[in-house]
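Take a look at the structure set out below.
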Amino acid sequence: MSPRAAWRFESIGFSPVYDYVAGKADWGSFGLPLEGHRPSSTRVGAHARTDVPACGPHDRMPEVRERVRAAGWDTCFVTNEEGVVLGRLGRAALAGADDVLVEEAMTPGPSTVRPSFELDKAVERMRAQDLTTLPVTRSDGVLIGVIRREDAEQQALESSATA
Amino acid sequence: MPTGIDRDEVQRLLHEERAQLVEVLPPDEYEDEHLPGAINIPLKTLDAETTGQLDASRPVIVYCYDYQ
């Protein structure tokens, strides 16, 4: 939509005209402020757990398992040097005993959401896909945290009770 | 020809060149949330009259929700 608007502005006589093509979804995903009526508490960004464990694709599974268990989690996200999500280690991978590299055990390319994604839609997605967690990333794929289904369902219940 | 820019350039243009920020989504989406300082001129209403509130001597930055 914005490319058409940019051309329209030029045809009216404005110059220079710039098109921020990534838009407010990108702006919000980098934690930059937004104004408006919709409270941030209805978005996943307000409920993302940033203490979720992360590891690299070349880490070894025994060390990662120990670290994730010690932190009290049952999932771990695999990121590259820039923090971009490459994959996920779920319960099955973390419960195994194989001494392999993380990249051999991970499930690549997990579904992600932006911080501006609506919480009730995140709950719907997790229920439909039988997920217990959903990673939250910036628009460039960098991991911000994770939204846990039990947290999201509880928050959605509280929101509907106060609505 | 309009120039595509990223968020860093948006911030630079706002601070250094007093650019004017315009959200071209419908009013309800603008009211839900918008970039600080942005005004709303929905694409469907964009014409010489509705853009008359803008300063033609300053840069204009348009945006919507994302790449769609």
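The values are calculated or read from the model by the stated rules, or taken from the named source; none is laboratory data. These figures come from a predicted structure and were not determined experimentally. Because the Cβ atoms are built from the backbone with ideal geometry, glycine has one as well, and the counts that use them run over all protein chains shown.
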**Message:** Among the residues of the stretch B:44-57, are any exposed (fewer than 13 other Cβ atoms within 10 Å of the Cβ) and in contact with an Asp or Glu (Cβ under 9 Å, 6 or more places away or on another chain)?
**Reply:** no
**Of residues in the stretch A:12-29 being free of Cβ contacts under 8 Å to residues at least 40 places away in the same chain and among the small types (Gly, Ala, Ser), the one surrounded by the most Cβ atoms within 10 Å (Cβ to Cβ)** = A:Gly23
**Prompt:** Would a scan of the stretch A:30-49 turn up a residue that is buried (at least 17 other Cβ atoms within 10 Å of the Cβ) and modelled with pLDDT of 95 or more?
**Reply:** no
**Item:** Count - residues of the stretch B:42-67 that are closer than 16 Å to A:Asp19 by Cβ and more than 10 Å from chain A (Cβ to nearest Cβ)
**Value:** 0
**Fill in**
For the stretch B:1-41 the number of residues that are more than 9 Å from chain A (Cβ to nearest Cβ) and without any contact (Cβ under 8 Å) to a residue 24 or more places away in the chain is 9
**Prompt:** Has the stretch A:85-92 got at least one residue that is on the phi < 0 side of the Ramachandran plot, free of Cβ contacts under 8 Å to residues at least 12 places away in the same chain and among the charged types (D, E, K, R)?
**Reply:** no
**Complete:** Of (1) more than 7 Å from every other protein chain (Cβ to nearest Cβ); (2) not in a helix (DSSP H, G or I), A:Ser11 fails just (2)
**Request:** Go through (1) under 18 Å from A:Ala5 (Cα atoms); (2) crowded, with 19+ Cβ neighbours inside 10 Å one by one and return the number of the condition B:Asn40 breaks.
**Result:** (2)
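Residues checked against (1) touching a Lys or Arg at 6+ places or on another chain (Cβ under 8 Å); (2) surrounded by fewer than 16 Cβ atoms within 10 Å (Cβ to Cβ); (3) within 14 Å of chain B (Cβ to nearest Cβ); (4) farther than 28 Å from A:Gln155 by Cα:
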position: A:Leu101; (1), (2), (3), (4): yes, yes, no, yes
position: A:Arg114; (1), (2), (3), (4): yes, no, yes, no
position: A:Arg127; (1), (2), (3), (4): yes, yes, no, no
position: A:Val142; (1), (2), (3), (4): no, yes, yes, no
